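Colleague: Before I ask anything, here is the structure I am working with.
The values are calculated or read from the model by the stated rules, or taken from the named source; none is laboratory data. A quick note: this is a predicted structure, and the numbers were derived from the prediction, not measured. Note that each Cβ is placed from the backbone with ideal geometry, even for glycine, and that neighbours are counted across all protein chains shown.
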Amino acid sequence: MSKSPVIVGAGFSGAVIAREFAEAGHDVRVIEARSHVAGNCYTERDAETGVLLHVYGPHIFHTANEDIWNYVTRWGSFMPYSHRVQTTVGEKVFSLPINLLTINQFFNKAFRPDEARAFVAEQADGTIIDPQSFEDQALSMVGPDLYEAFFKGYTEKQWGCSPTELPASILKRLPLRFNYDDSYFNHPFQGIPEHGYTPIVESILDHPRIDVQLNTVFDPKDTDDAHVFWSGPLDGYFDHKLGRLGYRTLDFHHFREEGDWQGTPVMNYGLRDVPYTRITEHKHFAPWEEHEKTLCTREYSRECGPDDIPYYPIRLVDEKAMLSEYVDLARATENVTFIGRLGTYRYLDMDVCIKEALDVAETYLTAHSEGRPIPTFVHDPL
């Protein structure tokens, strides 16, 4: 590397790439606009309650990739944690994902698995052969009653549009179970860092060849010919010259109480007339700790404005068309590689971010040693 590469963003993507470069013997600069590392995984202690706060919403590490699990646990202690989610619909509380208990509670039945499977099949809309929208997918899976209670209102709040406008693929990855398994994820490796995600990312970045600069806004026009790894929004790199890609953002309203407020880490609110999507109770993400007080967060989803933190790429028809134009523009730009959720405009879990960051680092180091250019996108956004 003729000049130290510049990594924009000190979340998992940027930190992993920086560490790989440093361990390969190269100096690297990490530039972060915020006052802290770890990106949206950032955790900190709440001064009033002592509870470990997931500042930008709850993050549960889960993966089926043993190599990635071994990688992330190299940087700190992870505690066993199996995520559970409940949902309030009207005056009743149900278990999610939809499982045998949910079905029996909702329909006031005592089905065995085969009976529940047959019953739900009767409820489902068998005329929908090739579902294209979220609503079609839901109706073809569970029928109108379960759809209205558990999916329709929540989805309208989360995405700010009708489920008829969303692709079926959003729902295809959600499980429907005919047993009493209420674990939210089915990956074999699951956990939460004992002391939060911030020390994990700090440990990854703790290398003498890594220079971390916080509270620093990077100007893409001032690269000094160094290769840039950009984990910010793809459209932001080009100052939104083709327009703004669509994102949803989140507003977090915290409140503190005595004792245990809701008895579960996450309580969804499925009906449209409740303005927030869910309430998280943060101390339940660290069941190995004890706290007399508790810290909870009401979470509201809305359209992302210019000054907001982007969380979820929308990727509807208009966004996909604009994305294609930005990808063409990016590929015509030298000395930059776009990485991570924002840089590739894709929803990525933490384990995928780490896996892709390792791929990017390997690709760059190999290309540099062989005198070849690195691709603008190691992972295709389209």
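Colleague: Working only within region 47-67, note down all residues that are hydroxyl-bearing (Ser, Thr, Tyr) and either part of a strand (DSSP E or B) or more than 13 Å from the chain's Cα centre (by Cα) (or both).
Modeller: 49, 63
Colleague: Select, from 66, 48, 91, the only residue that is among the acidic types (Asp, Glu) and either at pLDDT below 95 or touching a Gly at 6+ places or on another chain (Cβ under 8 Å) (or both).
Modeller: Selected residue: 91, the only one of 66, 48, 91 that is among the acidic types (Asp, Glu) and either at pLDDT below 95 or touching a Gly at 6+ places or on another chain (Cβ under 8 Å) (or both).
Colleague: Pick from 188, 175: which is surrounded by fewer than 17 Cβ atoms within 10 Å (Cβ to Cβ) and either under 24 Å from residue 120 (Cα atoms) or of a type in the set (D, E, K, R) (or both)?
Modeller: Step by step, each of 188, 175 is checked, and only 175 is surrounded by fewer than 17 Cβ atoms within 10 Å (Cβ to Cβ) and either under 24 Å from residue 120 (Cα atoms) or of a type in the set (D, E, K, R) (or both).
Colleague: Right, here's the next one. Which of the residues belonging to region 113-132 are of a type in the set (D, E, K, R), loosely packed, with under 12 Cβ neighbours inside 10 Å and more than 31 Å from the chain's Cα centre (by Cα)?
Modeller: Selection gives 114, 122.
Colleague: If you don't mind, there's one more thing I want to ask. Quick one: count up the residues across region 86-109 that are surrounded by fewer than 18 Cβ atoms within 10 Å (Cβ to Cβ), more than 12 Å from residue 149 (Cα to Cα) and among the aliphatic types (A, V, I, L, M).
Modeller: 1
Colleague: Name the single residue that is surrounded by the fewest Cβ atoms within 10 Å (Cβ to Cβ) among those in region 237-249 being outside any loop (DSSP other than H, G, I, E, B) and in contact with a Cys (Cβ under 9 Å, 6 or more places away or on another chain).
Modeller: 249
Colleague: For region 67-108, which residues satisfy the criterion of being over 18 Å from residue 266 (Cβ atoms), in contact (Cβ under 8 Å) with a residue 60 or more places away in the chain and either among the aromatic types (Phe, Trp, Tyr) or in contact with a His (Cβ under 8 Å, 6 or more places away or on another chain) (or both)?
Modeller: 69, 71, 75, 76, 77, 78
Colleague: Right, here's the next one. If we only count helices (runs of 4 or more DSSP H) wholly inside region 286-382, which ones have 3 or more residues that are over 21 Å from the mean Cα position of the chain (by Cα)?
Modeller: Here the list reads 317-331, 350-370.
Colleague: Considering only residues that are surrounded by fewer than 19 Cβ atoms within 10 Å (Cβ to Cβ) and not small (Gly, Ala, Ser), which ones fall in region 1-28?
Modeller: 1, 3, 23, 26, 27
Colleague: Name the residue, out of 271, 234, that is under 30 Å from residue 24 (Cα atoms), hydrophobic (A, V, I, L, M, F, W, C) and in contact (Cβ under 8 Å) with a residue 24 or more places away in the chain.
Modeller: Going through 271, 234 in turn, the sole match is 234.
Colleague: Another question about this same structure. Test residue 326 against the criterion of being in the same structural domain as residue 24 (by TED's automatic domain parsing), farther than 21 Å from residue 28 by Cα and at pLDDT below 95, and give yes or no.
Modeller: no
Colleague: Turning to a different aspect of this structure: Check 298, 278, 372 and return the single one that is of a type in the set (Lys, Arg), touching an Asp or Glu at 6+ places or on another chain (Cβ under 6 Å) and either at negative phi or surrounded by fewer than 17 Cβ atoms within 10 Å (Cβ to Cβ) (or both).
Modeller: None of the other options fit; the residue is 278.
Colleague: Considering only residues that are over 24 Å from residue 111 (Cα atoms), within 18 Å of the chain's Cα centre (by Cα) and not hydroxyl-bearing (Ser, Thr, Tyr), which ones fall in region 169-190?
Modeller: Selection gives 170, 171, 172, 173, 187, 189, 190.
Colleague: If the requirement is being over 30 Å from residue 278 (Cβ atoms), modelled with pLDDT of 95 or more and not β-branched (Val, Ile, Thr), which of these qualifies: 222, 130, 206?
Modeller: Of the residues listed, the single one that is over 30 Å from residue 278 (Cβ atoms), modelled with pLDDT of 95 or more and not β-branched (Val, Ile, Thr) is 206.
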